[in-house]
Amino acid sequence: MSTNPLSSRQQFEQYKAEFHEKHGPEPGKKSTKRERSSWELVRSFLGLLKIHRRSMILALLTLTIATLLALIPPIATKFVVDNVLDKKPLPASLPEWIPHEPWPLLVSITIAVIVISMIRVALQIWGRWHATRVTKMIQMKVRKAVFAQAVRLPLHRVQELKSGGATSILREDAGSVGELVFGMLYNPCRAIIQLLGSLIILAWVDWRLLLGAIFLGPMVYLTHRTWISRIRPQHRRIRAQRAAVDAQATESFGGMRVVRAFGRQRSETSRVLRSNHLMGRQELYAWWWSRLIEIAWETLIPIASACLLLYGGWQVLQGELTLGELVMFLAYLLMLLGPLAVLAQSAAQFQNSLSGFDRVLDLLDEPREMESSTAKNISKSEITGRITFENVGFQYPGSEQFALEEVSLDVDPGETIALVGPSGAGKTTFCNLVARFYDPTSGRVLLDGRDLRELDVESYRNHIGVVEQDVFLFDGSVAENIGYGNRHASLAEIQQAAEIANADEFIKVLPDGYQTIIGERGVKLSGGQRQRLAIARAILADPRILILDEATSNLDTESERLIQDSLTTLMQGRTCFVIAHRLSTITHANRIVVFESGRITETGTHDALMAAGGKYHEMVLLQTSPAEVS
Ligand SMILES: Nc1ncnc2c1ncn2[C@@H]1O[C@H](COP(=O)(O)OP(=O)(O)OP(=O)(O)O)[C@@H](O)[C@H]1O
Ligand SMILES: [Mg+2]
């Protein structure tokens, strides 16, 4: 949040200027990323459609038949005008069973038209139903792929996307992919069949009419081409902006307590509003571009049809066409206009949906977190739990500074290591590397002598338990939250874990006990209660390697002492990394490691470090009241 942000109008002026230079790089989009052509996008989409081929063929087939059926009624009109009203004899080529008397002929034609129309409606609905189903199935498939990809992106990319931004891609952009079924296939297909059908019939009436259509073709193509290159980048930007707006709104609601506490409701509203304004302006700008093509088409069409009408009228005057043929001719002219207007409109919608698909493909193309085809799965029995840091250096992505430098440490299986040091010294970073949330910039982290990078990251994390100070709980029941790390746990096991974590007592007095719903992020619980749930969750997951990062910081001394006993039981037989600012809680650790500015400066047992009189000694003295210092 800058203190003096640009107004939405200023931002919009910048946006327009960028568009005049080129199509404008998207904020956050890497400039090295290549642009996808419409054709590439269409091909990828057809790839998605492959498994729904049968449904789509059915839909398009019924659509074709229905559209062709719709072409019949104007022919009937011709017979009504010429052979019923004008009483001309029917052409000799027609079969015998067709009534030749005017009145029976009129009734038969009417019945035929009604029957044909009903069949057409039924076929059309049936086809539309199939197409709609494919739309929904594709939306679900794409949403699944986007979600599965987003939860496997490297952590820093997830942080860049923000929760609201990811939601936006999931809802808006992935949703628009499904709409391509109609925007790209169904509607254009109907328009084209109708267009071709009526053209063919017109050509059958008089072949010279085709010339007009042949002339229209390239014009339409050219206007479309120049315009497509303009419109899709705009829709991409609008979509990016929408993701930003969603991210902002989600963030404001996530931090609602802070917003209220500092009385910032008004400024949060205006911050979200400003981004919304910019999006509104961008949308209006794109609206004009979309209308330009429509205006071009829609003026071309009446001009072309007026010329055709002029030609047809002249033909009647010359005696080349009958009155009935002219009426039919006019009906088909109208049928020509409809599909062209539909094409013009769905072209704009099509580009918009395509830009959503483009963004989805961008996301799906991003490399996943620590992907490796050679990575090995690892089972619990294979792990003894020796963790070795070999001269590890680490920088957070995008950061200049080293958060860890030359860190070497060999931790025996089952050993409990306490990490201490001033704030920002790199303790959490060290644990992030143990849990492999990141890979080291230099050096290696080994598990039982094997580089973590050789292991499949998801299978490795199954053996890691993490309890952090900032506990995250899901909106669900207490039991579901404790069972999060072990899906097959029974209620009895959940209860047992809660007892060990000293949480059973408070859970029992909750309104619905273990089935109590705890609200988003566990808002209905106190900080200490949340922390005890997180500990129970880790206990139940039964990990080989346990990370406790300020896990008991929200507890009062009494509860902490109670849990400490259970934690000691929990830590037996596991390799543990414990971070605690309250040093009295870590005196029992096998080894204490002191971090300062990303480096390890002291290692040893409590007694050894106290005797050495270094940084740890100093920290302990600072935390103990003078009376207790002996
Ligand atoms: N996601 C991140 N991106 C960039 N820099 C980070 C990130 N997380 C932490 N840092 C930086 O890395 C350094 C070490 O942070 P770390 O969280 O490891 O400290 P810590 O020892 O756990 O501190 P504390 O006791 O306050 O929790 C800090 O300077 C911090 O600014
Ligand atoms: Mg920390």
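Values in this text are rule-based calculations from the coordinates and carry no lab data. None of these values were measured; they are calculated from a predicted model. When we count neighbours, we look across all protein chains shown, and the Cβ atoms used for this are built from the backbone with ideal geometry, even at glycine.
Do you know the relative contact order of the chain, to the nearest whole percent, from alpha carbon pairs under 8 angstrom that are 6+ apart?
On the way: 830 pairs, mean separation 83.8, N = 630.
Once normalised by length, the contact order is 13 percent.
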(message) Can you compute the helix-only [θ] at 222 nm over the chain? Use -39500 (n - 2.57) per DSSP H run of at least 4 residues, normalise by all residues, nearest 500 deg cm²/dmol.
(response) -19500 deg cm²/dmol
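May I ask you to list the GluC sites (Glu not before Pro) in region 371-439 that are in a DSSP loop and have at most 16 other Cβ atoms within 10 Å of their Cβ?
Numbers: sites: GLU371, GLU382, GLU390, GLU400, GLU405, GLU406, GLU415; in loops: GLU371, GLU400, GLU415.
Passing sites in region 371-439 are GLU371, GLU400.
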(request) At q = 0.13, 0.16, 0.23, 0.31 Å⁻¹, what is the base-10 log of I(q)/I(0) for region 341-396 according to the Debye formula with one equal point scatterer per Cα and no solvent? Please give it to two decimals. (result) -0.68, -0.81, -1.03, -1.12
(request) Excluding residues on the same chain fewer than 8 positions from LYS16, give the aspartates and glutamates whose Cα lies under 16 Å from its Cα. (result) GLU26, GLU283
(request) Express the relative contact order of region 38-365 as a whole percentage, based on alpha carbon pairs under 8 Å and six or more residues apart in sequence. (result) 29 percent
(request) Could you let me know the centre-to-centre spacing of region 58-110 and region 344-387, using Cα atoms, in angstrom? (result) 57 Å
(request) Read phi for every residue in region 448-462 and hand back ³J(HN,Hα) as whole Hz from Karplus 6.51 cos²θ - 1.76 cosθ + 1.60, θ = phi - 60°, with x for Gly and Pro. (result) 6, x, 10, 4, 4, 5, 7, 9, 5, 5, 5, 6, 5, 5, 4
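What's the exposure ranking of ILE98, ILE494, ILE464, going from fewest to most Cβ atoms within 10 Å? List each step's numbers first, then the result.
Numbers: ILE98 13, ILE494 24, ILE464 20.
The most exposed by this proxy come first: ILE98, ILE464, ILE494.
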(request) Would you give the gap between the C-alpha center of region 237-271 and the C-alpha center of region 483-537, rounded to a whole Å? (result) 31 Å
(message) Which of PHE437, PHE474, PHE595 has the fewest other C-beta atoms within 10 Å, and how do the rest follow up to the most?
(response) PHE474, PHE437, PHE595
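Is the shape of region 473-542 rounded, prolate or oblate, going by the alpha carbon gyration tensor and its root eigenvalues a ≥ b ≥ c, with a/c under 1.5 for rounded and a/b larger than b/c for prolate? Numbers along the way, then the final one.
On the way: a/c = 1.40, a/b = 1.30, b/c = 1.08.
Rounded.
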(request) May I ask which residue of PHE577, GLN282, GLN318 lies farthest towards the positive end of the charge dipole of the chain, with charges of +1 (Lys, Arg) and -1 (Asp, Glu) on Cβ and the Cα centre as origin? (result) GLN318
(message) Taking 8 Å as the Cα distance limit and 6 or more residues as the minimum spacing, I'd like the relative contact order of region 238-348 as a percentage.
(response) 27 percent
(message) Given bins 10 angstrom wide, list per bin the percent of all Cα-Cα distances in the chain, short to long.
(response) 3, 12, 17, 18, 15, 11, 8, 7, 5, 3, 1, 0, 0
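Holding the Cα-Cα limit at 22 Å, pick out from LYS50/LYS144; LYS162/LYS376; LYS50/LYS141 the pairs that are longer than that. Could the numbers behind the result be given before it?
Numbers: LYS50/LYS144 17 Å; LYS162/LYS376 31 Å; LYS50/LYS141 13 Å.
Correct reply: LYS162/LYS376.
Could you give the length gained on full extension between GLU406 and LEU491, defined as 0.36 nm per residue of separation minus the Cα-Cα distance, in nm? If you can, show how the numbers build up before the last one.
Numbers: separation 85, 0.36 × 85 = 30.60 nm, distance 4.57 nm.
Gain on extension, GLU406 to LEU491, equals 26.0 nm.
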(message) Using C-alpha positions alone, give me the convex hull volume of region 504-586 per residue in cubic angstrom.
(response) 102 Å³
(request) Kindly identify region 95-220 as rounded, prolate or oblate by the Cα gyration tensor criterion: order the square roots of the eigenvalues as a ≥ b ≥ c, call it rounded if a/c is under 1.5, otherwise compare a/b with b/c, prolate if a/b is larger, else oblate. (result) oblate
(message) Once you place label points 7 Å from the Cα toward the Cβ at VAL509 and CYS307, how far apart are they in nm?
(response) 8.8 nm
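To the nearest 20 debye, what charge dipole does region 473-542 have about its Cα centre, counting +1 at the Cβ of each Lys and Arg and -1 at the Cβ of each Asp and Glu?
Working: 7 positive and 9 negative charges, 39 e Å.
With Lys and Arg at +1 and Asp and Glu at -1, about 180 debye.
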(message) Explain nothing, just the number: dipole magnitude of the chain about its Cα centre with +1 on each Lys and Arg Cβ and -1 on each Asp and Glu Cβ, in debye rounded to the nearest 20.
(response) 2100 debye
(message) Using amide H atoms built in the peptide plane, which far-off residues or other-chain residues are under 5 Å from LEU546 H to H?
(response) GLY465, THR575, CYS576, PHE577
(request) Please name whichever of ALA174, ILE111, ILE125 sits farthest to the positive end of the charge dipole of the chain, dipole taken about the Cα centre and charges placed at Cβ: Lys and Arg +1, Asp and Glu -1. (result) ILE111
(request) Stick to Cα atoms and the Kirkwood definition of Rh, then tell me Rg/Rh for region 38-365. (result) 1.12
